[in-house]
Amino acid sequence: MPKLDNSRIGTLVSINISNGGVPKKRTSGAEVSLLGLIGDAQGDKNQHGGPERAVCVYSLDRIHELQKEGHPIDVGTAGENLTLEGIDWSLVVPGAQLHVGDEVLLEVASYTNPCKTIKGSFIDGKFVRIAEKLHPGWSRVYARVLSEGQIHFGDPVELTPPPR
């Protein structure tokens, strides 16, 4: 029997939405459509949203590490829709898939470029702390929705790495 890789199994610890901008506020559940979470909006449609940037995902483990560095970041303050815990964030790369709960399947489309709207989450406003080019493995990611459905706080999340 194959050994289960715990670095690829995690939990959905927060679902975050807003009427536009940050912080995004926690909700206990959401419906995920091809264009993102129902009830979530983006202030700048040129930089956010659309099918290739439908859902922004981040790691609670990375948030905790940033807090230890002194950054005032918290869940939702960096604009992520889904906050995950327990998955090895270095494996969350373009092409990887995230199965969330019973219905939703996401595919990581790209790393998310940080912008000035999240500067309040960082010491001296230095939001580039989570820029993939400067700090590989610390970026949030954008995902496209492959399967729509309902998600709930506490749902299991399973990562499938991209094909080789």
CD proxy at 222 nm, helix term only [per DSSP H run n ≥ 4: -39500 (n - 2.57); per residue of the chain; nearest 500]: -1500 deg cm²/dmol
What is the magnitude of the charge dipole of the chain about its Cα centre, with +1 placed on the Cβ of each Lys and Arg, -1 on the Cβ of each Asp and Glu, and no other charges, expressed in debye to the nearest 20? 560 debye
Heavy-atom accessible area order for Cys115, Cys56, largest first, 1.4 Å probe: Cys115, Cys56
Pairs of lysine residues in the chain - Cα separation under 27 Å, sequence separation of 8 or more or cross-chain: 22
Could you tell me which trypsin sites (Lys or Arg not before Pro) in the stretch 100-154 are loop residues by DSSP with no more than 15 other beta carbons within 10 angstrom of their beta carbon? Lys126, Lys133
For the stretch 79-164, what does the accessible surface come to per residue with a 1.4 Å probe? Please give it in Å². 49 Å²
Any idea how far apart Phe153 and Ile123 come out in nm if each label point goes 7 Å out from Cα toward Cβ? 3.1 nm
Just how much of Asp61 is accessible, in Å², when a 1.4 Å probe is used and the result is rounded to the nearest 10? 50 Å²
Heavy-atom accessible surface of the chain: percent carbon and sulfur, 1.4 Å: 52 percent
Step through the residues of the stretch 106-118 one at a time and calculate ³J(HN,Hα) from phi using the Karplus curve (6.51 cos²θ - 1.76 cosθ + 1.60, θ = phi - 60°), rounding each to whole Hz and writing x for Gly and Pro. 10, 10, 5, 9, 6, 7, 9, 6, x, 9, 4, 5, 9
Out of all Cα-Cα pairs in the chain, roughly what percent, to the nearest whole number, are more than 19 Å apart? 50 percent
Counting other Cβ atoms within 10 Å, which GluC sites (Glu not before Pro) in the stretch 62-131 have at most 15 and lie in a DSSP loop? Glu69, Glu103
For the pair Glu52 and Thr27, the simple spin-label estimate (label points 7 Å beyond Cα toward Cβ) gives in nm 2.6 nm
Karplus-derived 3J(HN,Hα) from phi for the stretch 151-160 (6.51 cos²θ - 1.76 cosθ + 1.60, θ = phi - 60°), whole Hz, x at Gly and Pro, runs 10, 9, 3, x, 4, x, 10, 10, 9, 10
Amide H within-cut-off set for Val92, under 5 Å, with H built and near neighbours excluded: none
Given 10 °C, 1.306 mPa s and a Kirkwood radius over Cα pairs, the Stokes-Einstein diffusion coefficient of the stretch 112-164 in µm²/s is 115 µm²/s
Cα gyration tensor of the stretch 74-148 - equivalent ellipsoid semi-axes, whole Å, descending: 24, 13, 11
Could you point to the residue in Leu106, Leu91, Thr117 farthest towards the positive end of the stretch 26-164's charge dipole, with +1 and -1 charges on the Cβ of Lys/Arg and Asp/Glu respectively? Thr117
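The values are calculated or read from the model by the stated rules, or taken from the named source; none is laboratory data. Treat the numbers as computed from the prediction; the structure is a model and nothing was measured. For neighbour counting, all protein chains shown are included, and Cβ atoms are generated from backbone atoms with ideal geometry for every residue, glycine included. Calculation scope for accessible area: heavy atoms of the full protein, side chains included, ligands and nucleic acids excluded. Shrake-Rupley method; radii C 1.70, N 1.55, O 1.52, S 1.80 Å.
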